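Chemist: Here's a structure for you.
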Amino acid sequence: MAAAAETTAAAPVDPEHGLPAGFGIGRAGTIVFGIAIAFSVFQLWVAAFHAIPSQVVRSMHVGFVLLLGFTLIANLTGGGIVKKATLWAMGIVGFGIGAYYWVFYNDLILREGGFLLTQDLIVGGLLIVLVFEATRRLMGPALPIIAGIFLLYGLFGEYAPGVLAHRGYDWDQVIGQLGFGTEGIYGTPVYVSSSYIFLFILFGSFLERAGMIKLFTDVSLGMVGHTKGGPAKVAVVSSAFMGTISGSGVANVVTTGQFTIPLMKRFGYKPAFAGGVEAVSSMGGQIMPPVMGAVAFIMAETLNIPYSQVVIAAIIPACLYFFSAFWMVHLEAGKRNLLGMRKDQTPSALGALKAGWYLLIPLGVLVYLLFTGFTPLFAGTMGLALTAVLILGGAIARGLPNQTIRYLYWVLLGLVCASFFRYGVNVIIWTIAALILVNFFVKGGRETLIVSRNALADGAKNALPVAIACAMVGVIIGVLSLTGSASTFASFIVRIGEQSLFASLVLTMLTCLVLGMGIPTIPNYIITSSIAGPALLELGVPLLVSHMFVFYFGILADLTPPVALAAFAAAPIAKESGMKIGMQAVKIALAGFVIPFMAVYSPALMMQSGGPLEATIGFWPAVAYITLKTVFSITLWGAAAIGFLLAPLNWFERIWAMVAAFTMVLALPITDEVGFALGFALIAFHWWRTRAARNAAPAE
């Protein structure tokens, strides 16, 4: 554990001020860097002490997002002094709006019921404008355009035709709904962003600097690097590991992808396919427990269930998602005869675990706390604190004279941290403070402090896209809540579902995929689940399963061009067009499309009660059966999509595989039997055909 403070390769720095790249240069860069650290410190203070009301935390969270977002844009984009000054002014005004809610909190609570003052309406109007502009600049125009349509509907929907019309609302009502209270911009998504998501992004940032990326990569190389198509399988496995600590697909691409994409290209994979493999694998991080994507926390809060229930529901689908990606790259490797690395070129997976096992302690503690009834906020705080102790304590441990003293040192430090459960948060704070103080005077300590400082700043910067998306979708939620229009759309889905549940699911899937072409997972999930969730519940689909259905396709939609964020993040690494990578990513992810459908028909796939299968054979047998059936269906879908199994498939065999796989998706009488029969018959026929061809080859 003496190496606990060793970090990944250092990021580029501003040579004049010694700051990491990505904040700008000169004095302006230093100021923005300081803002990012202040943002992280504020969030940690709130998480540790709960010193201010939730509404104030939300407003300050958005205020920091606007300040950091606009000032980063000013520093990192071109433009004259007027443009930069305007952006800085917008950031300062945005932060001032957050502070306004804090200063006048008690008064605003009394005025929110329709008694807002003119100054309140001005502040609320400015907030809406700044959130729209910040989202446009940070995430592109698609989400603001969609939110703008909803805003126009809230203002002028009384003139809409037929059942779409509502009773009409004045400007002050709309501003009051969106700019104040807890059903607009400061609604559930921003609450979750300020309480949980930011903390877990920071947790991932610290773990990465502790050396977790190297550990995951080495273990993945040792496990699968030497097998057929090994480099691509390394991308899948390492991204699955990264998904346990990071819920951001794009962040996973730019971390693991820096190593895996060039490795895949070197061993014969085309650049577009290499980028697609990494994009698909990295996006799966959003659904991989225990640290899932932001949507999982929003889902838990929306459904008013413990986060651990969402984790339980996601375990099997997440494993199947990565199995699907793994299977697709295996088939592609077989089709193109792509070999793996030599065994002597890969590290030992067991050796890597022996060297870096201590890095898994914070993750293990996080899982334990989540599944023993503690809140995600508490679990995340503890996980982050333990990671900080590992990083800061490692520099001190390296200076101790012998191994025995090092072991005693870590045991003592572990006991001190464990006392947190009895004596409260102050113990861990004083422990970290003491470690920081000692690091000023030990060899390598100051470098460790710089690493920790940079992790705070990078965590805040990485949280920006998620946080601003949460604020923006608050506009959509606020309008749906104000007008009640969600029920209108839901009734349409219910009417379709009365004839066919499958048709309703396809409609919901298409909604996710179409929205996902322009907006990221969070707004996609919130819009679609607000409409489809209640409708599917009326059709007998458990609420958690329907929300997971939307979440899953929201992830897959993030891979669909033209706005495939993960694909475009992989583009500069693969040196290939983001559109081409996106098309390959859809092909690779294709087999995984069956997973959410099968979960709806058999909720046991998400370890949820219900469905005729459980009633017939019991819960755990149902879980085992539906999991094996889904694996078999994915196997056939993958073979049909790639055109390879034991050897290249002809067009007839590909259609055969597709029909067999599709038959097993439908939970109708005898469809499973037909699907299994067709599938095994195909495998037997294909084995016989390729065997005959191999035997005939020498005679030719």
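The values are calculated or read from the model by the stated rules, or taken from the named source; none is laboratory data. Everything quoted here is computed from the prediction, not taken from an experiment. Glycine gets a Cβ as well: all are built from the backbone with ideal geometry, and neighbour counts include every protein chain shown. Accessible surface is based on the protein model in full, side chains and every heavy atom, while ligands, DNA and RNA are left aside. Shrake-Rupley method; radii C 1.70, N 1.55, O 1.52, S 1.80 Å.
Chemist: Keeping every protein chain present and rolling a 1.4 Å probe, give me the accessible area per residue for the chain in Å².
Modeler: Using a 1.4 Å probe on heavy atoms only, each residue of the chain averages 40 Å².
Chemist: Considering only Cα-Cα distances, which of the following residue pairs are longer than 26 Å: LYS335/LYS587; LYS214/LYS335; LYS233/LYS575; LYS265/LYS343; LYS228/LYS265?
Modeler: As for pairs spanning more than 26 Å Cα to Cα, those are LYS214/LYS335.
Chemist: Can you compute the charge dipole magnitude of the chain about its Cα centre, using +1 on each Lys and Arg Cβ and -1 on each Asp and Glu Cβ, nothing else charged? Give it in debye, rounded to the nearest 20.
Modeler: 2080
Chemist: Residue farthest toward the positive end of the dipole of the chain, with Cβ of Lys/Arg at +1 and Asp/Glu at -1: which of GLN499, VAL129, ALA240?
Modeler: The one lying farthest along the dipole's positive direction is ALA240.
Chemist: Cβ neighbours within 10 Å, averaged per peptide: list 471-477, 305-311 in order, most packed at the top. Please list the in-between numbers first.
Modeler: On the way: 471-477: 28.0, 305-311: 19.9.
Ranking the peptides 471-477, 305-311 by packing returns 471-477, 305-311.
Chemist: Which of the peptides 350-361, 627-638 is most tightly packed, and how do the rest follow, going by the mean number of other Cβ atoms within 10 Å of each residue?
Modeler: Taking the mean over residues of other Cβ atoms within 10 Å, the ranking is 627-638, 350-361.
Chemist: Consider the candidate values [x] 38.9; [y] 32.9; [z] 34.3; state which one is mean projected area of the Cα convex hull in nm² computed from the structure displayed.
Modeler: The listed entry that was calculated here is [z].
Chemist: Keeping all protein chains in place and using 1.4 angstrom, which order do ARG654, ARG27 fall into by accessible surface area, from largest down?
Modeler: Working: ARG654 80, ARG27 190 Å².
Largest accessible area first, the list is ARG27, ARG654.
Chemist: Roughly to the nearest percent, how much of the accessible area of the chain is carbon and sulfur, given a 1.4 Å probe?
Modeler: Numbers: 19310 of 28000 Å².
Carbon with sulfur: 69 percent of the solvent-accessible area.
Chemist: A further question on this structure: If LYS580, LYS335 are ordered by their accessible area, calculated over protein heavy atoms with a 1.4 Å probe, which sequence runs from highest to lowest?
Modeler: If we order LYS580, LYS335 from most to least accessible, we get LYS580, LYS335.
Chemist: Let me ask another. Accessible surface of THR690 in the full protein assembly, 1.4 angstrom probe, to the nearest 10 Å²?
Modeler: About 10 Å², rounded to the nearest 10.
Chemist: In addition: Please list MET212, MET341 in order of solvent-accessible area, largest first, computed with a 1.4 Å probe with all protein chains present.
Modeler: Largest accessible area first, the residues go MET341, MET212.
Chemist: Of VAL600, ASN650, SER485, which is farthest towards the positive pole of the chain's charge dipole, taken about the Cα centre with +1 and -1 on the beta-carbons of Lys, Arg and Asp, Glu respectively?
Modeler: ASN650
Chemist: Given the C-alpha centroids of segment 200-266 and segment 378-406, what is the distance between them in whole angstrom?
Modeler: 24
Chemist: When all protein chains stay in place, what accessible area (Å², nearest 10, 1.4 Å probe) is found for SER481?
Modeler: 60
Chemist: So how much accessible area does PHE259 have, in Å² to the nearest 10, using a 1.4 Å probe?
Modeler: Taking all protein chains as shown, PHE259 has close to 80 Å².
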